[in-house]
1. Could you please let me know if residue 92 is farther than 22 Å from residue 219 by Cα, out of contact with any helix residue (DSSP H, G or I) (no Cβ under 8 Å at 6 or more places or on another chain), surrounded by fewer than 17 Cβ atoms within 10 Å (Cβ to Cβ) and touching a residue at least 60 places away in the same chain (Cβ under 8 Å)?
2. State whether the residues of segment 87-94 include one that is under 13 Å from the mean Cα position of the chain (by Cα) and over 20 Å from residue 62 (Cα atoms).
3. Only residues that are closer than 22 Å to residue 189 by Cβ and either in contact with a helix residue (DSSP H, G or I) (Cβ under 8 Å, 6 or more places away or on another chain) or assigned to a loop (DSSP other than H, G, I, E, B) (or both): list them for segment 66-81, please.
C-alpha cells in the first residue's frame with residue numbers, strides 16, 4: 001500500500017522528556033528500543049538523504065514497506081513492534097554518536113485513539129534537547145551536567161496515538177556535536193514508520209490508552 005506522508009509542524013507548547021511512564025497519566029505505554037543502524041536514506045521519502053540514526057527495526061531500508069518491516073528483526077522491548085524510529089545523525093570530533101536507548105511513549109492525549117493505517121509514515125519538527133535529570137528543554141543542545149542528554153521528538157495527531165520519541169545519549173555528548181541537515185539545512189526533525197504485528201497495537205490502544213491506564217514499559 002502506498003505510504004502516507006504526514007508532516008507535522010512545530011508547536012509552541014514545550015514538550016520535554018519524561019523520567020518514567022508515570023509522567024503520562026490518563027492512558028499511555030512505553031516501548032524501549034536500542035540503536036539499530038546509521039543510514040544515508042529516508043524511508044519517508046524513499047530517497048537517499050542526509051544521514052540518519054535509526055532505532056528499533058534492524059532491517060529498515062530506503063524503500064521499506066510495512067510488510068517488509070514486519071519481516072525484519074526488531075530490538076524493541078515488545079517483539080511485536082517492528083517500527084522504525086529515526087533522527088538526524090550527530091557527529092562530534094569526526095565520530096558518529098550512538099544513542100544508548102530509544103524510548104517511544106504512546107499517549108492517549110485527551111481523546112480516544114485508533115491504530116495507524118497501513119503505510120502511515122510521519123515526520124515531526126517539534127523537537128527539543130533535554131536532560132534526563134531535569135525537566136528543561138531547548139532548541140539547542142544544553143549542558144546536562146551529570147545527567148544524560150536527550151533528543152526528543154513529539155508526534156501529534158487528531159486520532160492516532162501521540163508519540164513522544166526520545167533518543168538518549170551519554171552525559172554531555174550532544175554539547176558541541178553537529179547534527180546532519182536535510183536539503184533545507186535543518187536538522188531539527190524526527191520520523192517514525194509504525195509497523196506492528198497484527199492486533200498488537202490495537203490491543204495496547206484498547207487496554208492502555210483508551211482505558212486510561214498507565215501501562216508502563218511493554219515487554220514480550
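We did not get these values from a lab; they are worked out from the coordinates using the rules stated. Note that this is a predicted model, so its numbers are computed, not measured. Positions of Cβ are backbone-derived with ideal geometry, glycine not excepted, and every protein chain shown enters the neighbour counts.
1. Yes; evaluated as a whole, the condition is true for this residue.
2. No, because not a single residue in segment 87-94 is under 13 Å from the mean Cα position of the chain (by Cα) and over 20 Å from residue 62 (Cα atoms).
3. Selection gives 76, 81.
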